Amino acid sequence: MTWKIEYPYEDVEQFILKLPAGLSAKYFHLTDLMIEFGANLGMPHTKPMSTGLFELRVKGKEGIARVFYCTKVGKRIIMLHGFIKKTPKTPSKDLRKAERRFKEVKDET
């Protein structure tokens, strides 16, 4: 059984669709790998941020994008929040938003 990627938040889907061509191609390549091999591709592609919260690390000539995600039973990958990285450290507002959404998704039945 392959993994399934879900976008419960419309802003995440819109963020992905508006990525520059190179970042978009890299994102879809990495998500294709996740669908086939699972949510944990390992560094440099995926990185655990906290227990159950991960980031997909997308890098291209146009810059760097990050998409936070989590997993749920049934081989489901839930995309929570995306942003273009402009500083070496992940902005705390982006991490807080991902953590809040992670809690919402985790608390769903």
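The values are calculated or read from the model by the stated rules, or taken from the named source; none is laboratory data. A quick note: this is a predicted structure, and the numbers were derived from the prediction, not measured. In this analysis, Cβ positions are derived from the backbone assuming ideal geometry, glycine residues included, and neighbour counts consider all displayed protein chains. For the accessible areas, the whole protein counts, side chains as well, though only heavy atoms, and no ligand, DNA or RNA atoms are used. Shrake-Rupley method; radii C 1.70, N 1.55, O 1.52, S 1.80 Å.
Just a few scattered comments:
- Only residues that are among the aliphatic types (A, V, I, L, M) and free of Cβ contacts under 8 Å to residues at least 24 places away in the same chain were counted in the stretch 1-28, giving 1.
- Long-range neighbours under 6 Å by Cβ, at least six apart or interchain, first residue of a type outside the set (A, V, I, L, M) within the stretch 87-99, second crowded, with 17+ Cβ neighbours inside 10 Å: Asp94/Phe83; Lys97/His81
- Whenever a residue of the stretch 29-43 is closer than 16 Å to Cys70 by Cβ, its partners that are of a type outside the set (Val, Ile, Thr) and in a helix (DSSP H, G or I), lying with C-beta atoms within less than 8 angstrom and at least six residues away or across chains, give the pairs Leu41/Leu30; Leu41/Leu33; Leu41/Met34.
- Selected residue [of a type in the set (Ser, Thr, Tyr) and not in a helix (DSSP H, G or I)] from Thr31, Thr2: Thr2
- Residues (surrounded by 12 or more Cβ atoms within 10 Å (Cβ to Cβ), more than 15 Å from Ile77 (Cβ to Cβ) and of a type in the set (Gly, Ala, Ser)) located in the stretch 15-48: Gly22, Ser24, Ala25
- Residues that are farther than 17 Å from Arg101 by Cβ and of a type in the set (Gly, Ala, Ser), drawn from the stretch 40-56: Gly42
- Checking each residue in the stretch 49-106 for being open to solvent by 20 Å² or more (accessible area, probe 1.4 Å), over 18 Å from Ile35 (Cα atoms) and of a type in the set (Val, Ile, Thr) picks out Thr51, Ile64, Ile84, Thr87, Thr90.
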